[in-house]
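Okay, structure first, notes after.
The values are calculated or read from the model by the stated rules, or taken from the named source; none is laboratory data. Note that this is a predicted model, so its numbers are computed, not measured. Quick reminder, even Gly has a Cβ in these numbers, built from the backbone with ideal geometry, and neighbours come from all protein chains shown.
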Amino acid sequence: MSAISAQLYEGHYITDNSNGWKIVRLGDITENFSIRNKNSGSYPMYSVTNTSGFSPQHEVFEGKEIKDEDISIYKIIHKGEFAYNPARINVGSIGRYDGEAPCMISSLYVCFRPTAEVDSDWLLYYLQSAKKIYQYGIFGEGGVRIYLFYPNFSRIEALLPPLKVQKEIASILKSFNRKIKLDELLLSKYQEQKKFLLSNMFI
């Protein structure tokens, strides 16, 4: 899957579609923003992980609750907006929020949205690709722990295909993901069946 993704993002999958690709910087195709929860509104609390992107915080940190905290400093995120953990983006902690209602995230997270010339699905796959995750570590700063804030994030180069091709690439990767999920579901069913058979064969 990673090898296929790399070829798709480097313009090798269909030679006829290589025209119109251009080198840009992530700052050219994203817009940094920060909306604070100034009115201390009640929103579900989310975290961004390297395994599942945006996840409810209580699922990531079991038992953790927000008590007596100043939630006005948290950032508000709406559907289709991106965020990443600047201290963990180098291991893939970047994602897009797909919930219908707004949520709030830690004030430490970096938030951005795609510009009009970018397909959001394509950008999500691209930013979570192995090549980009490797580059986050290169552009980050720090000693023991590497931090990548938006100014350096925005300097990272990207190979941008035309919008139509972006949508085609995203569609191909989505179909692979659907197949993977179906195969994983089928595998889990086989494992359940095997467990049932074994429990009844050896009494």
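Annotations for the structure displayed:
- Filter pass, I146 being at pLDDT 95 or above, hydrophobic (A, V, I, L, M, F, W, C) and out of contact with any Ser or Thr (no Cβ under 6 Å at 6 or more places or on another chain): no
- Of all the criteria given as (1) modelled with pLDDT of 95 or more; (2) over 24 Å from K132 (Cβ atoms), the one not satisfied by E69 is (1).
- Take the conditions (1) in contact with a Ser or Thr (Cβ under 9 Å, 6 or more places away or on another chain); (2) within 16 Å of Q166 (Cβ to Cβ); R88 misses just one of them, which is (2).
- Among (1) at pLDDT 95 or above; (2) in a loop (DSSP other than H, G, I, E, B); (3) touching a helix residue (DSSP H, G or I) at 6+ places or on another chain (Cβ under 9 Å) - the single one L124 does not satisfy: (2)
- Residue list for the range 71-103, filter: surrounded by 21 or more Cβ atoms within 10 Å (Cβ to Cβ) and either of a type in the set (S, T, N, Q) or in contact with a helix residue (DSSP H, G or I) (Cβ under 7 Å, 6 or more places away or on another chain) (or both): N85, I89, N90, G92, S93, I94, R96
- Boolean, I146 is aliphatic (A, V, I, L, M) and within 17 Å of the chain's Cα centre (by Cα): no
- Note on the range 90-122: residues that are among the acidic types (D, E) and more than 12 Å from the chain's Cα centre (by Cα) total 3.
- Apart from one condition, E117 fits all of (1) surrounded by fewer than 17 Cβ atoms within 10 Å (Cβ to Cβ); (2) in a loop (DSSP other than H, G, I, E, B); (3) at pLDDT 95 or above; the exception is (3).
- Looking only at the range 152-176, residues that are part of a helix (DSSP H, G or I), surrounded by 12 or more Cβ atoms within 10 Å (Cβ to Cβ) and either more than 22 Å from the chain's Cα centre (by Cα) or not basic (K, R) (or both) come to 12 in all.
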